[in-house]
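Bear in mind that the values in this text are calculations on the coordinates, not laboratory data. Everything numeric in this text was worked out from a predicted model, so none of it was measured. Every residue, glycine as well, gets a Cβ built from its backbone with ideal geometry; the counts of neighbours run over all protein chains shown.
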Amino acid sequence: MPVVKPISDLQRNSGAIAESCHKTKEPVCLTKNGPASLVVMDAETYGDQRRALTTIQEHEDHVQRAITRSYDDLTNSRVRPRKQAKAEADRMRAIR
């Protein structure tokens, strides 16, 4: 849960806000006249979140490409019954 502070705290005591971000690894939400205006967070935590998001996006792209290939195979009759595919996979494993 982010800490919520008025933006004037950033102007008056940025050191304390920076220390809070570094210490807790949590963002600080800064408000201006009531609503949220800015979010401040530790650079290391920000980098970790960006890397995690990139990894998730890459995984989603991989899954989407696999679904697209599978759909293409299905619409172009490049499929076989499950029993046949399993038998082929079992034979291939037995060869190893």
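Against the test of being without any contact (Cβ under 8 Å) to a residue 12 or more places away in the chain and either touching a strand residue (DSSP E or B) at 6+ places or on another chain (Cβ under 6 Å) or hydrophobic (A, V, I, L, M, F, W, C) (or both), the options Met92, Met41 yield a single qualifying residue, Met92. Among the residues examined, Arg50 does not qualify as assigned to a loop (DSSP other than H, G, I, E, B) and either among the charged types (D, E, K, R) or in contact (Cβ under 8 Å) with a residue 24 or more places away in the chain (or both).
Results for (1) farther than 21 Å from Met1 by Cβ; (2) surrounded by 11 or more Cβ atoms within 10 Å (Cβ to Cβ); (3) within 12 Å of the chain's Cα centre (by Cα), shown as yes or no for each residue.
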position: Ile17; (1), (2), (3): no, yes, no
position: Glu26; (1), (2), (3): no, yes, no
position: Pro35; (1), (2), (3): no, no, no
position: Leu38; (1), (2), (3): no, yes, no
position: Asp42; (1), (2), (3): no, yes, no
position: Gln49; (1), (2), (3): no, yes, yes
position: Val63; (1), (2), (3): yes, no, no
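Please find, among Val39, Val3, the residue that is touching an Asp or Glu at 6+ places or on another chain (Cβ under 8 Å) and not acidic (Asp, Glu). None of the other options fit; the residue is Val3. When the test is whether a residue is acidic (Asp, Glu) and within 16 Å of the chain's Cα centre (by Cα), Asp9 does not pass it.
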